[in-house]
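First comes the structure, then the notes that go with it.
The values are calculated or read from the model by the stated rules, or taken from the named source; none is laboratory data. All values reported here derive from a predicted model rather than from experimental measurement. No Cβ is skipped: glycine too gets one built from the backbone with ideal geometry, and neighbour counts run over all protein chains shown. With ligands, DNA and RNA removed, areas are computed over all heavy atoms of the protein, side chains included. Shrake-Rupley method; radii C 1.70, N 1.55, O 1.52, S 1.80 Å.
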Amino acid sequence: MDHAKLFPNEPAYFIPEQLDRLLIHGYRLGASDLSIQSGERVIAEIEGCLYQLTQRKLTQQECVDLINHIYGANAAAMIFSGTDIDTNYRVRLSDKEQYRFRVNVTACMFDGYQGLQTTLRTISSQPPKLSELGLEPEIGDKIKIPQGVMVVSGATGSGKSTLLASITADLLQQPDSNLKVLTYESPIEYVYDEVDKPSSIISQTEIPRYLPSFAAGVRNALRRKPGLIVVGEARDQETIEAVIDASLTGHPVYTTVHANGVADTLRRMVTIFPHEERDTRMFDLLEVIKVIIWQALVATPTGKRIALREYLVMTDEVRDQLLATPVGELVSKVRQLLPKYGQPIWRVAKQQYQQGNITKQAYQRFAREEMSHA
């Protein structure tokens, strides 16, 4: 136990206001995530390592009080009925000092009965500047699409939502963007209140609090004359269909996908459809996708993490080659095209390792793919 990270003056019982103080404590330590679970100590993830923030284990009632405090009365009863909750939460000390969290609450087993696990991801109130994220200049002008789809993919916690929010903020700040941006998120993470918007406007809608699904969000957007539609996650067939349809009507759509690489991103978006529809849907996707960016966070020698990105720009030549490829061979074909028409992850990992920016262990995670292209 790292006593330096323990919550000071830990109470015998956490009331909601003290839990807010605990959340602020974790935030100020630099935690990316906080876990509060029935019958367990509060855990913070800091730079990929887990630390205990409390000396004692929290009771079931403390965890129930927390989620009712965050989401409203009877929230715990909803969870125990078989529904998890995704939402956001803000601890506000003043107009200038606020702490925001993305929250998931899920039922779990506790002492033979139902318990709760609440996971809180710390998020900044405002997205970081795009210039601070080290986005490759080769794709800097490719992300501003007049129509079609841009996909940002990665694993959970890879920073894809942060990258997407920073791209959105950057567009809002341009004096000649003239965009009506509509976002559909589950939950809303970043807000744009303090982003200068000289010629644009943004409206954020939380799913399912205000609309039942991402697909419903896209259909809603088409009735509001958007200049850009941001879909928090293309997670199912209905949402991907809606994204395709919106882009085919001339709208730019930004979205995220959970995937393990650029090739896997395209594969997942195609194979979510029934077998008999895949050829048609692959054609539609290849027609509308303009660029795919896959991101991973990897360890640095100093114990921090940096983003590595694999990307593919969908040129006419790439599109023609992929259209001539059977669905079953799509992954291998995309990997073959990456070195010429984009950036494979092994290439950037090797560069960063040679420059001393990432650890050997982090590089070896991707070295096998380099060998396959040798």
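First check a/c for region 182-319, with a ≥ b ≥ c the square roots of the eigenvalues of its C-alpha gyration tensor; if it is under 1.5, answer rounded, and if not, answer prolate when a/b is larger than b/c or oblate otherwise.
Here region 182-319 falls in the oblate category.
Return the Rg/Rh value of region 102-159, two decimal places, where both radii are evaluated on C-alpha atoms and Rh is the Kirkwood radius.
Checking Rg against Rh, the ratio lands at 1.19.
What does the extension gain come out to for Ser124 and Lys340, with contour length at 0.36 nm per residue minus their alpha carbon separation?
74.1 nm
With N residues in region 241-315, what two-decimal value do you get for its Cα radius of gyration over 2.2 N^0.38 Å?
1.32
Report, in degrees rounded to the nearest 10, the 0 to 90 angle that the Cα long axis of helix 262-271 makes with the longest principal axis of the chain.
90
In the chain, what % of DSSP beta bridges are antiparallel (nearest 5)? Display every interim value, and only then the final one.
On the way: 42 of 68 bridges.
Counting only bridges with both partners in the chain, antiparallel ones make up about 60 percent.
Where nothing but the Cβ of Lys and Arg (+1) and of Asp and Glu (-1) is charged, how large is the charge dipole of region 107-180 around its Cα centre, in debye to the nearest 20?
Numbers: 6 positive and 7 negative charges, 35 e Å.
I would put it at about 160 debye.
For region 1-113, just say rounded, prolate or oblate: build the C-alpha gyration tensor, square-root its eigenvalues into a ≥ b ≥ c, call rounded for a/c under 1.5, and beyond that prolate if a/b exceeds b/c, oblate if not.
The shape class here is oblate.
Could you tell me how many degrees, from 0 to 90 and to the nearest 10, lie between the Cα long axis of helix 16-28 and the main elongation axis, the longest principal axis, of the Cα atoms of the chain?
50
How charged is the neighbourhood of Thr302? Take every other residue with its Cβ under 15 Å from the Cβ of Thr302, and add Lys/Arg as +1 and Asp/Glu as -1.
The answer is +2.
Before I look further, what does the chain give for accessible area per residue, probe 1.4 Å, in whole square angstrom?
Averaged over the residues of the chain, the accessible area is 47 Å².
From the C-alpha gyration tensor of region 42-173, pull out the three semi-axes of the equivalent ellipsoid (sqrt of 5λ each), sorted largest to smallest, in whole Å. Provide the component values of the computation, followed by the final result.
On the way: eigenvalues 244, 56, 49 Å².
Square roots of five times the eigenvalues give 35, 17, 16 Å.
Please report the relative contact order for the chain, taking Cα pairs under 8 Å with a sequence separation of at least 6, and give it as a percent rounded to a whole number. It would help to have the intermediate numbers written out before the result.
On the way: 684 pairs, mean separation 44.8, N = 374.
This gives 12 percent for the chain.
Can you list residues whose amide H is under 5 Å from Phe110's amide H, if they're 5+ apart or on another chain and H is modeled 1.01 Å from N?
Long-range HN contacts for Phe110: Gly115.
Note down the accessible area of Arg21, probe 1.4 Å, to the nearest 10 Å².
Surface open to solvent at Arg21 totals about 110 Å².
Note down the relative contact order for region 1-84 as a percent, whole number, built from C-alpha pairs under 8 angstrom at least six residues apart.
26
Given R₀ = 25 Å, FRET efficiency for Thr83-Thr59 by Cβ-Cβ distance, to 0.05? Before the final figure, lay out the partial values.
On the way: r = 23 Å, r/R0 = 0.91.
Once rounded, the FRET efficiency stands at 0.65.
Go through Gln343, Thr300, Ala263 and say which Cα lies farthest out towards the positive end of the charge dipole of the chain; charges sit on Cβ, +1 for Lys and Arg, -1 for Asp and Glu.
Positive-most Cα among the choices belongs to Thr300.
Can you compute the charge dipole magnitude of the chain about its Cα centre, using +1 on each Lys and Arg Cβ and -1 on each Asp and Glu Cβ, nothing else charged? Give it in debye, rounded to the nearest 20.
For this selection, approximately 560 debye.
By how many nm would the segment from Glu97 to Thr302 lengthen if fully extended, with 0.36 nm per residue of separation less the alpha-carbon distance?
That pair, Glu97 and Thr302, stretches by 70.9 nm at full extension.
Determine the order of Tyr190, Tyr71 by accessible area, beginning with the largest, at a probe radius of 1.4 Å.
Tyr71, Tyr190
Given a 1.4 angstrom probe, I'd like the percentage of the accessible area of region 46-102 that is carbon and sulfur, rounded to a whole number.
Of all accessible area on region 46-102, carbon and sulfur atoms account for 44 percent.
Which trypsin sites (Lys or Arg not before Pro) from region 85-152 combine a DSSP loop assignment with at most 14 other Cβ atoms within 10 Å?
The qualifying sites are Lys96, Lys129.
If I model a spin label as a point 7 Å beyond the Cα along the Cα-Cβ vector, how far apart are those points for Leu222 and Arg21 in nm?
It is 5.3 nm.
Taking the Cα atoms of region 268-374, report the difference between the largest and smallest coordinate on each principal axis, in whole Å and largest first.
49, 25, 22
Please give, to one decimal in nm, the separation of the simple spin-label points placed at Ser332 and Thr315, each 7 Å out from Cα toward the Cβ.
Calculated label separation equals 2.4 nm.
With label points built 7 Å along Cα→Cβ from the Cα atoms of Gln174 and Ser131, find their separation and express it in nm.
1.6
Would you work out if region 162-232 is rounded, prolate or oblate? Take a ≥ b ≥ c from the square roots of the eigenvalues of the alpha-carbon gyration tensor; rounded if a/c is under 1.5, else prolate when a/b is larger than b/c, oblate otherwise.
Numbers: a/c = 2.34, a/b = 1.48, b/c = 1.58.
Oblate is the answer for region 162-232, as a/c is 1.5 or above yet b/c matches or exceeds a/b.
P(r) tail for the chain, what percent of Cα pairs lie past 34 Å?
It works out to 34 percent of all Cα pairs.
For His3, His25, give me the order by solvent-accessible area with a 1.4 Å probe, most accessible first, ignoring ligands, DNA and RNA. Show your work: numbers first, answer last.
Values: His3 125, His25 35 Å².
Sorted by accessible area, descending: His3, His25.
Looking at region 169-320 only, what percent of DSSP beta bridges run antiparallel? Nearest 5 please.
Rounded to the nearest five, the antiparallel share is 40 percent.
Given a 1.4 angstrom probe, I'd like the percentage of the accessible area of region 152-258 that is carbon and sulfur, rounded to a whole number. The partial results should precede the final answer.
On the way: 1950 of 4110 Å².
Its accessible area is 47 percent carbon and sulfur atoms.
Which value, in nm² and rounded to one decimal, describes the direction-averaged projected area of the C-alpha convex hull of region 316-372? Could the numbers behind the result be given before it?
Working: hull surface 17.8 nm².
Approximately 4.5 nm², given one-decimal rounding.
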